[in-house]
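Undergrad: Let me begin by handing over the structure; questions about it come next.
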Amino acid sequence: MASTFAVVEPNRLAISPIIDGRLDDEEWDALSSSEDLRTFMQWEPGAFYFASEAPSNRDVVFSLDTDSNGWLVGKGNLEVRLSWVNGGVKSVCRMLDATNPQEPTWISAPWIESTLQVAGTESNGKWIAELKVIPLDMPSASVGRTIGIRADAIDPNEVQGEAIQVRRTTPITLRYDRSKGLPSEMEWAPELMARTAAASEQFRLRMTFRKPGTSELDRISCRTLGLGRAHTVAFEMPFPHFDKKGRAFVDYQTKIAKEAGEGYRVMEARIQGKNGEDVMIQSSYAVTDIVTVEPQLPEGLVMLNDNQIISGTIIVRSHSSKALKGKMIVTAPDDWSINKGQEHKFTLYNARGYAKLPIKLIAPQRAQGLVPLTAEVTIGDHKITKKFFVLIR
Ligand SMILES: [Ca+2]
């Protein structure tokens with residue numbers, strides 16, 4: 001694993017796939033392609049997604065340097081190994097702790113392993129895996145982050161014990177926007193009220209173009225790719241003229257169909273010019289429920305012999321243009337108690353408003369591990385359930 005890992009595109013968009021072992025049309029964004037391995041990679045806030053296609057007699061190993069500071073540096077190095085065994089995907093992960101550079105050590109990653117979602121299928125001597133990784137206890141997925149990555153297809157009998165072995169990862173950056181083929185000096189920027197849209201409501205993304213130079217742009221077509229395609233509009237039109245300040249605007253506006261599934265989708269604009277210009281612009285946005293529930297709880301908790309008070313906030317954020325009124329109920333394991341914030345009523349008067357709801361949990365003596373909690377929000381007859389975790393080491 002000392003060879004270079006060549007990626008198709010270092011700017012990785014937020015896109016949510018469906019983990020069912022099938023690579024659907026435009027569901028995935030290609031990461032790498034070689035004779036015995038094709039891989040795909042994308043992300044959403046708090047999670048990484050990977051997919052692979054390899055010969056049935058090969059294992060696939062993904063290596064992530066989540067700090068992007070080198071495989072043999074620091075603690076944020078994660079390996080996920082996938083095998084096709086008895087008609088299903090077996091997944092094993094471990095972390096490389098290189099805090100002491102003289103003595104890098106493999107350590108288990110039980111919490112990450114317990115939240116892995118994986119699915120696969122096999123046909124014609126090849127197998128496909130789809131994988132969701134929640135990087136608990138290490139730098140997470142958020143926009144602008146750079147991480148090192150590589151993927152290898154290896155012999156299933158190959159044991160990779162040597163912690164000191166170098167792995168050359170390739171830096172990739174987590175983005176919401178990317179473009180290809182823009183004429184030199186021309187710029188574009190997205191303008192959004194929010195990068196989210198609730199099903200049944202409107203989404204609008206304005207693309208601002210600057211400095212046309214000598215290029216003559218002719219036509220523009222816009223659509224949402226993959227899993228969002230059936231629930232959004234697509235259109236083509238003449239490219240607008242640049243104004244006196246050298247600016248042109250195109251709005252991608254769509255109603256999100258009621259039956260649209262949740263997750264990050266990508267709007268793609270293609271622009272053709274009279275002199276062979278061929279521009280591609282891609283921008284991620286999330287289809288959400290009418291509200292999202294965002295727990296903000298302290299990190300770095302450690303086990304105590306005594307009861308432990310854990311104070312935090314739960315943000316209930318509206319993605320709707322309408323005022324919303326509802327309540328939230330939080331539940332914790334039976335031996336925990338909720339001292340404050342077990343039940344909250346809230347009103348979000350403004351479009352896309354939010355409420356910060358305080359919560360105080362009391363963990364029993366010697367509580368440890370990945371503790372599951374649930375927040376249930378009720379708005380009218382609509383229920384939104386959010387499961388989340390507190391990690392106590
Ligand atoms: Ca899929």
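No lab work stands behind these numbers, since they all come straight from the coordinates. Please read all numbers here as calculations on a predicted model, not as lab measurements. Because the Cβ atoms are built from the backbone with ideal geometry, glycine has one as well, and the counts that use them run over all protein chains shown.
Undergrad: Report, in whole Å, the centroid distance computed from the Cα atoms of the range 123-138 and the range 28-57.
TA: The range 123-138 and the range 28-57 have Cα centres separated by 8 Å.
Undergrad: Here's something else I'd like to know. Short version: ³J(HN,Hα) in whole Hz for each residue of the range 92-97, in order, from phi by Karplus 6.51 cos²θ - 1.76 cosθ + 1.60 (θ = phi - 60°), x for Gly and Pro, what are they?
TA: Along the range 92-97, the couplings run 9, 10, 8, 10, 9, 9 Hz.
Undergrad: Express in nm, to one decimal, how much length is gained between Thr214 and Lys90 on full extension, taking 0.36 nm for each residue of separation and deducting their alpha carbon distance.
TA: Numbers: separation 124, 0.36 × 124 = 44.64 nm, distance 5.51 nm.
Full extension from Thr214 to Lys90 adds 39.1 nm.
Undergrad: Still on this structure: Under 14 Å from a label point 7 Å along Cα→Cβ of Asn339: give me every residue in the range 350-393 with its amide N that close.
TA: Correct set: 359-365.
Undergrad: Starting with the fewest neighbours, write out Tyr176, Tyr49, Tyr354, Tyr349 ranked by other beta-carbon atoms found within 10 Å of each beta-carbon. The partial results should precede the final answer.
TA: Values: Tyr176 19, Tyr49 25, Tyr354 16, Tyr349 9.
Exposure proxy ranking, most exposed first: Tyr349, Tyr354, Tyr176, Tyr49.
Undergrad: Moving to a separate point now. Pick from Met280, Met95, Met237 the residue whose mean-square fluctuation is largest in a GNM of the chain, springs joining Cα atoms under 10 Å.
TA: Met237
Undergrad: Between the DSSP loop rule and a limit of at most 15 other Cβ atoms within 10 Å, which GluC sites (Glu not before Pro) in the range 229-324 are left?
TA: Details: sites: Glu236, Glu259, Glu262, Glu268, Glu277, Glu299; in loops: Glu259, Glu262, Glu277, Glu299.
Here the sparse-neighbourhood loop sites are Glu259, Glu262, Glu299.
Undergrad: Okay, moving on. Once fully extended, how much extra length lies between Ile164 and Asp97, figured as 0.36 nm per residue of separation less the alpha-carbon to alpha-carbon distance? Write down the numbers at each step before the final one.
TA: On the way: separation 67, 0.36 × 67 = 24.12 nm, distance 1.05 nm.
Length difference between fully extended and current span is 23.1 nm.
Undergrad: If contacts are Cα pairs under 8 angstrom and at least 6 residues apart, what is the relative contact order of the chain in percent? All intermediate terms of the calculation are to be shown ahead of the outcome.
TA: Working: 1011 pairs, mean separation 52.0, N = 393.
This gives 13 percent for the chain.
Undergrad: If you don't mind, another one. Which FRET efficiency, nearest 0.05, do His241 and Asn57 yield, Cβ-Cβ r, R0 56 Å? It would help to have the intermediate numbers written out before the result.
TA: On the way: r = 58 Å, r/R0 = 1.04.
Approximately 0.45, to the nearest 0.05.
Undergrad: Excluding same-chain residues fewer than 8 positions from Lys356, which lysines have a Cα within less than 21 Å of its Cα?
TA: Lys322, Lys325, Lys327, Lys340, Lys345, Lys383, Lys386, Lys387
Undergrad: First measure r as the distance between the Cβ atoms of Ile362 and Lys322, then evaluate 1/(1 + (r/R0)^6) with R0 = 45 Å and state the FRET efficiency to the nearest 0.05. Working shown, then result.
TA: Numbers: r = 36 Å, r/R0 = 0.81.
Rounded to the nearest 0.05, the efficiency is 0.80.
Undergrad: Further question on the same structure: Arrange the following residues from fewest to most other Cβ atoms within 10 Å of their Cβ: Leu225, Leu192, Leu348, Leu64. Walk me through the numbers before you get to the answer.
TA: Values: Leu225 18, Leu192 15, Leu348 21, Leu64 27.
So the residues, fewest neighbours to most, are Leu192, Leu225, Leu348, Leu64.
Undergrad: For the pair Asn157 and Glu113, what calculated FRET efficiency results from E = 1/(1 + (r/R0)^6), where r is the Cβ-Cβ distance and R0 = 25 Å, to the nearest 0.05?
TA: About 0.70, to the nearest 0.05.
Undergrad: What whole-number value in cubic angstrom gives the convex hull volume per residue for the C-alpha atoms of the chain? If you can, show how the numbers build up before the last one.
TA: Values: hull volume 69.1 nm³, N = 393.
So the per-residue hull volume is 176 Å³.
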